[in-house]
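Enquirer: This is the structure I want to talk about, given as structure tokens.
The values are calculated or read from the model by the stated rules, or taken from the named source; none is laboratory data. For clarity, every value in this text was computed on a predicted model and none was experimentally measured. As a convention, Cβ positions derive from the backbone with ideal geometry for all residues, glycine included, and neighbour counts pool all protein chains shown. Quick note on the areas: whole protein, heavy atoms, side chains included, nothing else; ligands and nucleic acids left out. Shrake-Rupley method; radii C 1.70, N 1.55, O 1.52, S 1.80 Å.
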Amino acid sequence: QVQLVESGGGLVQAGGSLRLSCAASGTIFSFNVMGWYRQAPGKQREFVAQITSGGRTNYADSVKGRFTISRDNVKNVMYLQMNRLKPEDTAVYYCNRQDVRFNSWGQGTQVTVSS
């Protein structure tokens, strides 16, 4: 029973930046992994980045060096700082949280990068 709410999506020109936020509430477990996934129209949802409750991170090759994932375990908020955005980054971005009991998803936030 974890609720996730994303925010921060929008329209930006190529080369610009956006910061996404994901607020978590409900049942919180000490050990968990939070991450960002994205889905473009007609494509499958793909992994973008993840961060453990201990702060260890992992990134997809397509965003390595451009995106930075972080979290505030006191506020239960996760962030995705996206820099040097490309048109191929256009997608609905979803927040995910996995723990010993639940695998939860947010409603998604639209990111559109124009040429």
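Enquirer: Hey, can you tell me all the residues within the stretch 47-56 that are open to solvent by 50 Å² or more (accessible area, probe 1.4 Å) and at pLDDT 95 or above? Let's see the steps before the verdict.
Expert: Of the stretch 47-56, the ones open to solvent by 50 Å² or more (accessible area, probe 1.4 Å) are 47, 50, 54, 56.
Scanning the stretch 47-56 gives PHE47, GLN50, ARG56.
Enquirer: Which one is most open to solvent (accessible area, probe 1.4 Å) among residues in the stretch 22-46 that are polar (S, T, N, Q) and under 19 Å from ASP99 (Cα atoms)?
Expert: SER30
Enquirer: Also, quick follow-up: Looking at ALA14, ALA60 in this structure, which one is small (Gly, Ala, Ser) and either in contact with a helix residue (DSSP H, G or I) (Cβ under 9 Å, 6 or more places away or on another chain) or touching a residue at least 60 places away in the same chain (Cβ under 8 Å) (or both)? Let's see the steps before the verdict.
Expert: Numbers: ALA60 fails: either in contact with a helix residue (DSSP H, G or I) (Cβ under 9 Å, 6 or more places away or on another chain) or touching a residue at least 60 places away in the same chain (Cβ under 8 Å) (or both).
After ruling out the rest, the residue left standing is ALA14.
Enquirer: Go through the stretch 57-115 and report how many residues are open to solvent by 70 Å² or more (accessible area, probe 1.4 Å) and hydrophobic (A, V, I, L, M, F, W, C).
Expert: 3
Enquirer: Could I ask something else about it? Considering only the stretch 1-21, how many residues are outside any strand (DSSP E or B) and either buried (at least 17 other Cβ atoms within 10 Å of the Cβ) or in contact with a strand residue (DSSP E or B) (Cβ under 8 Å, 6 or more places away or on another chain) (or both)?
Expert: 6
Enquirer: Are any of the residues in the stretch 24-32 in a strand (DSSP E or B), under 14 Å from the mean Cα position of the chain (by Cα) and modelled with pLDDT of 95 or more?
Expert: no
Enquirer: Report every pair of residues separated by at least 6 positions or lying on different chains whose Cβ atoms are under 7 Å apart, first residue within the stretch 87-99 and touching a residue at least 40 places away in the same chain (Cβ under 8 Å) and farther than 24 Å from SER53 by Cα, second of a type in the set (Lys, Arg) and surrounded by fewer than 17 Cβ atoms within 10 Å (Cβ to Cβ).
Expert: Pairs found: none.
Enquirer: For the stretch 49-115, give me every one of the strands (runs of 3 or more DSSP E) that falls completely inside it and has 2 or more residues that are closer than 19 Å to ALA14 by Cα and more than 15 Å from the chain's Cα centre (by Cα). Before you say what the answer is, go through the steps one by one.
Expert: Values: elements: 57-59, 67-72, 77-82, 91-99, 103-105, 109-114.
Once the strands (runs of 3 or more DSSP E) in the stretch 49-115 are filtered for at least 2 residues that are closer than 19 Å to ALA14 by Cα and more than 15 Å from the chain's Cα centre (by Cα), what remains is 109-114.
Enquirer: Which of the residues spanning the stretch 35-51 are under 15 Å from CYS95 (Cβ atoms) and not basic (Lys, Arg)?
Expert: GLY35, TRP36, TYR37, GLN39, GLU46, PHE47, VAL48, ALA49, GLN50, ILE51
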